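Where a number appears in this text, it was derived from the coordinates with a stated rule and is not lab data. Only a predicted model underlies this, so the values are computations on that prediction, with no experimental measurement involved. Here Cβ is always computed from backbone atoms with ideal geometry, including for glycine, and neighbour counts include all displayed protein chains.
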Amino acid sequence: MNMNTLAEKLADAWIKKDLIDVKPEHFPKSRKDSHLIQEQFHKVLKKKTVGWKIGMVTKKLQDGAKVDGPMIGKIIDETVLINPLKIQYSKVPHCILECEFALKFLEDTKMIPGVENKKDNYEVFISLELVSTRIKPDSKKNLNSQELMFLNVADNGGAGAIVVGDKIQNLDGINLNSIEVEVDLNGKVTGAWEKRAPPMESIKCIINEFKDNPVTFKKGDWFMTGSIIQPMKISKGDKIKVDFKTLGKINLEFI
């Protein structure tokens, strides 16, 4: 199986909401390979994309996870859910919950050095990322973290669905890096907040990741800037209440 074939299998699995086996000899062997497979996946899938999602944006996070760069994937238009109350678990199998900030661009913005200092070209929303997969967990079980990263990037960065909540008002007066989040999972509250990278670091990271061929966010595109909690495993039937304190709440049931 060449890279194109893996991309085709992943696209087919996406359409059928199916999970596939991948043999070790077919895993991407480098970051470049994994980006090429992801690119090919989107060519085959032919779905409208509306921005990017990114995780593990700082060198510190990457070193801690023993990987060589961020987790990155495109956001597929139909996976952007605005304040849903319920979500079908079958659409986000093996779901991992992340609490994030979603940037929505107000104008076309090319990701080149310096753009991280612009503040008036996007709005920010509280959001959740429901990380998912097209690959059976058994295929991944013997991988080291670097190999797993390559495979996950090939698999569109593990994109599942994006849940967008309230828009953050008075952005100027808020330090997004100090926002605490509390997650209530089935009635059990976890103080889930961790100090992760602020959105500006995420913008720097996507500039760096595609420095040879910068990406442009179109007006209305989304950018998921990475988790501000330790990611949490979600199962079918779970009910979550996510409290971004002063910024709003998101409640969701997995059916």
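Pairs spanning more than 24 Å between alpha-carbon atoms, out of 136/218; 9/86; 47/91; 136/236: 136/218; 9/86.
The value for the chain of Rg(Cα) / (2.2 N^0.38 Å) is 0.96. Classify the range 39-166 as rounded, prolate or oblate, taking a ≥ b ≥ c as the square roots of the eigenvalues of its Cα gyration tensor: rounded when a/c is under 1.5, otherwise prolate if a/b is larger than b/c and oblate if not. Because a/c hits 1.5 or more and a/b fails to exceed b/c, the range 39-166 counts as oblate. For residue 249, a cut-off of 15 angstrom between C-alpha atoms picks up these aspartates and glutamates, skipping any fewer than 8 places away in its own chain: 98, 100, 129, 166, 180, 182, 184. In order along the range 96-113, phi translates into HN-Hα couplings of 10, 8, 10, 9, 9, 10, 10, 8, 10, 7, 9, 7, 4, 9, 8, 7, 10, x Hz, rounded to whole numbers, per the Karplus curve 6.51 cos²θ - 1.76 cosθ + 1.60 with θ = phi - 60° and x for Gly and Pro.
Under the definition of Cα pairs under 8 Å and six or more residues apart, what whole-number percent is the relative contact order of the range 3-254? About 28 percent, as a whole number. May I ask for the distance between the Cα centers of the range 233-253 and the range 54-108, given as a whole number of Å? Going from one Cα centre to the other spans 15 Å.
A prolate overall shape is assigned to the range 163-255, the ratio a/c of its alpha-carbon gyration tensor axes (a ≥ b ≥ c) being 1.5 or greater and a/b exceeding b/c.
With helices as the sole contributors, the chain gives -7000 deg cm²/dmol at 222 nm; each DSSP H run of n ≥ 4 counts as -39500 (n - 2.57), and the sum is divided by every residue. Working note: Karplus 6.51/-1.76/1.60 with θ = phi - 60° gives the range 235-244 the couplings 10, 4, x, 5, 10, 10, 10, 10, 10, 8 Hz, where Gly and Pro are set to x. Taking the Cα centre of the chain as reference, the dipole from Cβ charges on Lys and Arg (+1) and Asp and Glu (-1) amounts to some 380 debye. Listed by chain and number, the aspartates and glutamates whose alpha-carbon sits under 15 Å from that of residue 32, ignoring those within fewer than 8 places in the same chain, are 68, 147, 155, 209, 212.
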